[in-house]
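These notes concern the structure reproduced below.
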Amino acid sequence: MDIVQQKKALRQLIRDRKKEYSAAYLANLSIPIQGVIETMEVFHTSEIILAYWAMPDEVQTKLLINKWNGCKKFYLPVVVGDDLEFRLYEGAESLQARGAFNILEPTGPLLPNDARVDMILVPGVAFTEKGARLGRGKGYYDRILSRFPEAYKLGMAFGFQVVDEIPMEPHDCLMSGVVSGQ
C-alpha cells in the first residue's frame with residue numbers, strides 16, 4: 001500500500017472511531033486538554049496565537065479562546081480557495097458561517113504579513129507522540145505551518161487520535177508537541 005492509500009485508510013479508521021462518541025462527549029473530553037494548554041509556559045509567553053474554531057468532531061477551542069481573548073491575540077482561519085488566511089478573533093459575535101465547510105470564520109483584521117506568531121494550535125485527524133500529523137488531506141495546515149517555522153506548533157487530539165505511526169511525505173510538518181486526552 002502506498003503512502004496515499006495508507007493515509008486514506010488511517011483517516012477512515014479515525015472517522016470510524018469518532019462515530020463512537022457524541023459531540024457533547026467530545027466537548028467534555030476537550031476540557032482537560034484546555035487545562036493542559038493553560039499550564040504550558042509557551043502558552044503563557046505567547047502573544048499571537050493562530051488557533052481554530054472547532055468543528056463538532058475536533059478538540060474544542062471555544063472556551064480557551066474566549067477565556068484568554070484580550071490577554072492574547074487569537075487569529076482564526078478563513079478558507080480562501082486552496083489556502084487559509086488568518087483573521088483576528090474579536091468575539092463570538094464577529095464570527096459568521098461561510099465557506100465550503102460552513103465553519104464559523106472571523107471577520108476581523110487580517111494577520112499582518114510581518115506578524116511574529118508565537119504558537120499555533122493545530123487540529124488534525126491523527127498524531128503520533130513524536131509530532132507526526134495527519135490532516136484532512138487538503139494541505140491547508142502544512143502550508144501555514146511551513147510559513148511560521150519559529151512558532152510552537154501544538155497538535156490537539158483526543159486520545160483515540162494518537163497512533164503509533166503516520167506515513168510522512170516531504171511536505172508534512174512535524175508538531176513541536178501534541179496534547180491529547182482520553
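The values are calculated or read from the model by the stated rules, or taken from the named source; none is laboratory data. Predicted model, so just to flag it, every value in this text is computed and none were measured. Cβ sites come from the backbone with ideal geometry, for glycine too, and all protein chains shown count toward neighbours. To get the accessible areas, we keep the full protein, side chains included, count just its heavy atoms, and leave off ligands, DNA and RNA. Shrake-Rupley method; radii C 1.70, N 1.55, O 1.52, S 1.80 Å.
Under 15 Å from a point 7 Å along the Cα-to-Cβ line of residue 147: which residues of region 40-81 have their amide N that close? Zone members listed by number: 49-52, 75-81.
As a test of the formula, what do you get for the chain when each DSSP H run with n ≥ 4 contributes -39,500 (n - 2.57) and the sum is divided by the residue count, at 222 nm and rounded to the nearest 500 deg cm²/dmol?
-8500 deg cm²/dmol, from helical runs alone.
For region 40-116, what does the relative contact order come out to in percent, with C-alpha contacts under 8 Å and a separation of six or more? Don't jump to the answer; show the numbers that get you there.
Values: 113 pairs, mean separation 19.1, N = 77.
Dividing the mean separation by the residue count of region 40-116 yields 25 percent.
Computed over protein heavy atoms with a 1.4 Å probe, the accessible surface of the chain works out to 52 Å² per residue. In angstrom, the C-alpha Rg and Dmax of the chain are 15.5, 48.
Using a probe of 1.4 angstrom, how much of the accessible area of region 1-43 is carbon and sulfur, in percent? Ligands and nucleic acids excluded, carbon and sulfur reach 58 percent. Shown here for region 109-173: trypsin sites (Lys or Arg not before Pro) in loop regions (DSSP other than H, G, I, E, B) with at most 15 other Cβ atoms within 10 Å, namely 116, 130, 136, 138.
Ratio to report: Rg/Rh of region 64-124, with Cα atoms as the point set and Rh obtained by the Kirkwood method; give two decimals.
Details: Rg = 11.6 Å, Rh = 12.3 Å.
Reported Rg/Rh, Kirkwood definition of Rh: 0.94.
Within the same chain, lysines fewer than 8 places from residue 130 are excluded, and of the rest, those with a Cα less than 20 Å from its Cα are 7, 153. Applied to region 73-82, the Karplus parametrisation 6.51 cos²θ - 1.76 cosθ + 1.60 on θ = phi - 60° returns per-residue 3J(HN,Hα) values of 9, 9, 10, 10, x, 10, 6, 10, x, 9 Hz, with x for Gly and Pro. Taking every full run of DSSP H in the chain, the ones that stretch at least 18 Å from end to end by Cα along their long axis and average 0.0 or higher on the Kyte-Doolittle scale are 23-39. In a fully extended conformation the segment linking residue 36 and residue 160 would gain 42.9 nm over its present Cα-Cα distance, using 0.36 nm per residue.
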